[in-house]
Amino acid sequence: MRARVFVAALLLVAIRCATTSPPVEIEQRTKAYAHAVQYESPHAIASFYAPDGALVLPGMEPIVGPDRVEAFLEPLVANAEVASCEMHTTSLRAGRGMAHQEGTYSQVAGEKGKPGKLYRGTFIAEWRKDRGEWRFARLEMHPAP
(Lines give C-alpha, C1' and ligand atoms only; values in the text may rest on other atoms or scores of the structure.)
Protein backbone atom coordinates (compact mmCIF):
# COMPACT_ATOMS: atom_id res chain seq x y z
CA MET A 1 0.00 0.00 0.00
CA ARG A 2 2.79 2.45 0.89
CA ALA A 3 4.49 1.68 -2.40
CA ARG A 4 1.33 2.63 -4.35
CA VAL A 5 0.97 5.91 -2.45
CA PHE A 6 4.64 6.68 -3.09
CA VAL A 7 4.30 5.90 -6.83
CA ALA A 8 1.15 8.04 -7.04
CA ALA A 9 2.96 10.93 -5.34
CA LEU A 10 5.87 10.60 -7.77
CA LEU A 11 3.46 10.67 -10.71
CA LEU A 12 1.83 13.85 -9.42
CA VAL A 13 5.23 15.51 -9.04
CA ALA A 14 6.22 14.41 -12.55
CA ILE A 15 2.98 15.75 -14.03
CA ARG A 16 3.35 19.05 -12.21
CA CYS A 17 6.96 19.39 -13.43
CA ALA A 18 5.92 18.58 -17.00
CA THR A 19 3.19 21.23 -16.99
CA THR A 20 4.31 24.46 -18.60
CA SER A 21 4.21 27.46 -16.28
CA PRO A 22 2.24 30.60 -17.21
CA PRO A 23 5.42 32.70 -17.76
CA VAL A 24 6.79 30.08 -20.16
CA GLU A 25 3.45 29.87 -21.97
CA ILE A 26 3.29 33.66 -22.29
CA GLU A 27 6.85 33.82 -23.63
CA GLN A 28 5.87 31.20 -26.22
CA ARG A 29 2.74 33.15 -27.15
CA THR A 30 4.74 36.38 -27.43
CA LYS A 31 7.18 34.74 -29.86
CA ALA A 32 4.25 33.24 -31.78
CA TYR A 33 2.58 36.67 -31.99
CA ALA A 34 5.76 38.27 -33.35
CA HIS A 35 6.00 35.45 -35.89
CA ALA A 36 2.35 35.97 -36.88
CA VAL A 37 2.94 39.71 -37.37
CA GLN A 38 5.80 38.93 -39.75
CA TYR A 39 4.43 35.93 -41.64
CA GLU A 40 0.72 35.37 -41.04
CA SER A 41 -2.61 36.84 -42.09
CA PRO A 42 -4.58 39.54 -40.24
CA HIS A 43 -6.97 36.77 -39.14
CA ALA A 44 -4.12 34.80 -37.55
CA ILE A 45 -2.82 37.92 -35.78
CA ALA A 46 -6.32 38.81 -34.52
CA SER A 47 -6.74 35.31 -33.07
CA PHE A 48 -4.27 36.30 -30.31
CA TYR A 49 -6.87 38.70 -28.85
CA ALA A 50 -9.57 37.79 -26.35
CA PRO A 51 -13.16 38.51 -27.49
CA ASP A 52 -12.98 41.86 -25.68
CA GLY A 53 -9.21 42.26 -26.13
CA ALA A 54 -7.88 45.61 -27.28
CA LEU A 55 -5.00 46.76 -29.45
CA VAL A 56 -3.98 50.23 -28.28
CA LEU A 57 -1.89 52.41 -30.58
CA PRO A 58 -0.81 56.03 -30.01
CA GLY A 59 -3.30 58.66 -31.05
CA MET A 60 -6.10 56.17 -31.72
CA GLU A 61 -9.08 54.83 -29.86
CA PRO A 62 -8.52 51.23 -28.69
CA ILE A 63 -9.34 48.65 -31.35
CA VAL A 64 -11.51 46.18 -29.46
CA GLY A 65 -12.18 42.57 -30.43
CA PRO A 66 -10.52 40.19 -32.87
CA ASP A 67 -12.86 41.14 -35.73
CA ARG A 68 -11.99 44.82 -35.44
CA VAL A 69 -8.27 44.08 -35.05
CA GLU A 70 -8.45 41.99 -38.22
CA ALA A 71 -10.37 44.71 -40.09
CA PHE A 72 -7.80 47.31 -38.98
CA LEU A 73 -4.87 45.15 -40.14
CA GLU A 74 -6.25 44.05 -43.53
CA PRO A 75 -5.51 47.27 -45.47
CA LEU A 76 -2.11 47.58 -43.78
CA VAL A 77 -1.11 44.06 -44.78
CA ALA A 78 -2.37 44.66 -48.32
CA ASN A 79 0.03 47.58 -48.79
CA ALA A 80 2.95 46.84 -46.46
CA GLU A 81 5.26 44.02 -45.55
CA VAL A 82 7.08 43.17 -42.35
CA ALA A 83 10.65 41.99 -42.93
CA SER A 84 11.32 41.26 -39.25
CA CYS A 85 9.50 41.45 -35.93
CA GLU A 86 10.91 40.73 -32.48
CA MET A 87 9.43 41.16 -29.01
CA HIS A 88 11.45 40.77 -25.81
CA THR A 89 10.07 40.65 -22.29
CA THR A 90 11.58 42.90 -19.62
CA SER A 91 9.00 42.19 -16.89
CA LEU A 92 6.37 39.49 -16.43
CA ARG A 93 3.99 38.74 -13.57
CA ALA A 94 1.44 35.96 -13.91
CA GLY A 95 -1.12 34.25 -11.74
CA ARG A 96 -4.62 32.79 -11.77
CA GLY A 97 -5.34 33.16 -15.45
CA MET A 98 -4.08 36.73 -15.77
CA ALA A 99 -0.65 38.20 -16.52
CA HIS A 100 1.06 41.56 -16.93
CA GLN A 101 4.00 41.78 -19.32
CA GLU A 102 6.23 44.66 -20.34
CA GLY A 103 8.89 44.59 -22.99
CA THR A 104 10.52 46.01 -26.07
CA TYR A 105 9.89 45.43 -29.74
CA SER A 106 11.67 46.04 -32.99
CA GLN A 107 10.24 45.70 -36.44
CA VAL A 108 11.44 46.37 -39.97
CA ALA A 109 8.43 47.22 -42.10
CA GLY A 110 7.44 49.34 -45.05
CA GLU A 111 5.54 49.69 -48.26
CA LYS A 112 5.60 46.57 -50.42
CA GLY A 113 8.48 46.57 -52.88
CA LYS A 114 10.42 49.29 -51.07
CA PRO A 115 13.09 49.11 -48.36
CA GLY A 116 11.62 48.84 -44.89
CA LYS A 117 12.24 51.17 -41.97
CA LEU A 118 13.29 50.10 -38.46
CA TYR A 119 10.68 50.76 -35.79
CA ARG A 120 11.42 50.27 -32.09
CA GLY A 121 9.52 50.84 -28.91
CA THR A 122 8.02 49.32 -25.81
CA PHE A 123 4.86 47.37 -25.19
CA ILE A 124 2.60 46.60 -22.26
CA ALA A 125 0.46 43.49 -22.47
CA GLU A 126 -2.33 42.31 -20.24
CA TRP A 127 -2.94 38.63 -20.89
CA ARG A 128 -5.90 36.48 -19.92
CA LYS A 129 -6.39 32.74 -20.20
CA ASP A 130 -9.31 32.37 -22.62
CA ARG A 131 -10.63 29.03 -23.87
CA GLY A 132 -7.41 27.35 -22.76
CA GLU A 133 -5.09 29.84 -24.52
CA TRP A 134 -3.36 32.97 -23.32
CA ARG A 135 -4.83 35.89 -25.27
CA PHE A 136 -4.37 39.63 -25.16
CA ALA A 137 -6.87 41.40 -22.97
CA ARG A 138 -4.96 44.57 -23.91
CA LEU A 139 -1.81 45.21 -25.94
CA GLU A 140 -0.41 48.74 -25.87
CA MET A 141 2.35 49.67 -28.31
CA HIS A 142 4.56 52.67 -27.56
CA PRO A 143 6.89 53.58 -30.42
CA ALA A 144 10.19 55.19 -29.52
CA PRO A 145 10.40 58.91 -30.42
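Brief remarks on what is shown
- If the condition is being surrounded by 15 or more Cβ atoms within 10 Å (Cβ to Cβ), among the polar types (S, T, N, Q) and farther than 18 Å from PRO143 by Cβ, then the range 31-58 contributes only SER47.
- Of the strands (runs of 3 or more DSSP E) lying entirely inside the range 36-145, those containing at least 1 residues that are farther than 24 Å from PRO22 by Cβ, of a type in the set (Asp, Glu) and in contact with a helix residue (DSSP H, G or I) (Cβ under 8 Å, 6 or more places away or on another chain) are 98-111.
- Picking from residues in the range 81-114 that are polar (S, T, N, Q) and surrounded by 14 or more Cβ atoms within 10 Å (Cβ to Cβ), the one that is nearest to GLN28 (Cα to Cα) is THR89.
- In summary, ASP130 fulfils each of the numbered conditions (1) modelled with pLDDT under 95; (2) of a type in the set (Asp, Glu); (3) under 17 Å from PRO42 (Cα atoms) with the single exception of condition (3).
- Some residue of the range 35-46 being without any contact (Cβ under 8 Å) to a residue 60 or more places away in the chain, among the hydroxyl-bearing types (Ser, Thr, Tyr) and out of contact with any strand residue (DSSP E or B) (no Cβ under 7 Å at 6 or more places or on another chain): yes
- Yes/no for GLU61 being modelled with pLDDT of 95 or more, loosely packed, with under 15 Cβ neighbours inside 10 Å and of a type in the set (Asp, Glu): yes
- In this structure, GLY132 does not qualify as touching a residue at least 12 places away in the same chain (Cβ under 8 Å) and out of contact with any strand residue (DSSP E or B) (no Cβ under 6 Å at 6 or more places or on another chain).
- Scanning the range 47-70 for residues that are without any contact (Cβ under 8 Å) to a residue 12 or more places away in the chain and either touching a Lys or Arg at 6+ places or on another chain (Cβ under 8 Å) or basic (Lys, Arg) (or both) returns a single hit, ARG68.
- Of the residues screened, GLU140 is one that is surrounded by 16 or more Cβ atoms within 10 Å (Cβ to Cβ), charged (D, E, K, R) and in contact with a Leu (Cβ under 9 Å, 6 or more places away or on another chain).
The values are calculated or read from the model by the stated rules, or taken from the named source; none is laboratory data. What you see is a predicted model; the values in this text were computed from it and never measured. Note that we place each Cβ from the backbone using ideal geometry, even for glycine, and neighbour counts take in every protein chain shown.
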